[in-house]
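Down below is the structure, laid out as structure tokens.
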Amino acid sequence: MRFASLASIDIKNKADWQDRFYLTFDVDWASDEVLAYAIDMVEQSGVAATWFITHETHMLSRLRANPLFELGIHPNFNALLIGQAEKGEDHCSIIKRLLDIVPEAKTVRSHSLTQSTHLLNMFVELGLTHDSNVFIPWHAGGELYPWQNWNGLTRIPYCWEDHVAIITNRFDLDGVCAAKGIRVLDFHPIHLALNTDSIERYEKAKPFQRDWKILCNMANKGDGVRTSLEILLSKGAED
Ligand SMILES: [Zn+2]
């Protein structure tokens, strides 16, 4: 099982990305303890990963120290959509603020997967080369592959997301592992820390997201998001 980071994808080089696994993490303002927990898991397995960053934290230097890790950005446009943006804020300023924190970013996934023609063009204008804003579940059938957008952006679909596994209560990755083509998975550090198995557990824990001890006590001990990743990483280690 081979892992790589998203920005390494060259659509012309199918042999390189075909049948590879791509771990991605939407950081979603996780506390440093929660983020460290996720980083520990991936580093212990020595595999590549892409981290979509939401905020400044000293954990960025730890991520940058690992040559297998790539840092992308995870802009949140929701305040614009619901009319609660700060005065003068627009999509461009939201992306630029994140690029100030992660100037090396080449990849982007929007929080809530917000996208539009205008946003896709803005990504390119601001130097981003790859996006992963399209979710096509592995069970939709067919072979997934990245493609080049009309403006040159490399678009990379992803086929598994922890939040969807929680909603559907399906944590095995057998279907994903058996799927053909490119396989991009999306995890959130908070769901690793909680080993989330239900939306109820997540909602109950939400007020304590920044209290590591309470979170640990609220973590699920059965099958959940963390056990899914553990199984995948153990398969990666077999190679
Ligand atoms: Zn998000």
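The values are calculated or read from the model by the stated rules, or taken from the named source; none is laboratory data. None of the values given here were measured: they were computed from a predicted structure. Backbone-built Cβ (ideal geometry, glycine too); neighbour counts: all protein chains shown.
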Look through region 210-239, keep the residues that are modelled with pLDDT of 95 or more and of a type in the set (S, T, N, Q), and return whichever of them is farthest from F135 (Cα to Cα).
N217
Give the residues of region 183-210 that are under 17 Å from the mean Cα position of the chain (by Cα), surrounded by fewer than 24 Cβ atoms within 10 Å (Cβ to Cβ) and aliphatic (A, V, I, L, M), sorted by residue number.
L185
Residue in region 44-56 that is nearest to the ligand (Cβ to nearest atom), counting only those that are of a type outside the set (F, W, Y) and touching a helix residue (DSSP H, G or I) at 6+ places or on another chain (Cβ under 6 Å)
T50
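Where in region 1-107 are there helices (runs of 4 or more DSSP H), lying wholly inside it, with at least 3 residues that are under 17 Å from L126 (Cβ atoms) and of a type in the set (A, V, I, L, M)?
Numbers: elements: 14-17, 32-45, 59-64, 78-81, 91-101.
So the answer is 91-101.
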Which residue out of I39, I11, I73 is surrounded by fewer than 17 Cβ atoms within 10 Å (Cβ to Cβ) and of a type in the set (A, V, I, L, M, F, W, C)?
I11
Working only within region 159-197, note down all residues that are out of contact with any Lys or Arg (no Cβ under 8 Å at 6 or more places or on another chain), at pLDDT 95 or above and assigned to a strand (DSSP E or B).
E161, V184, L185, F187
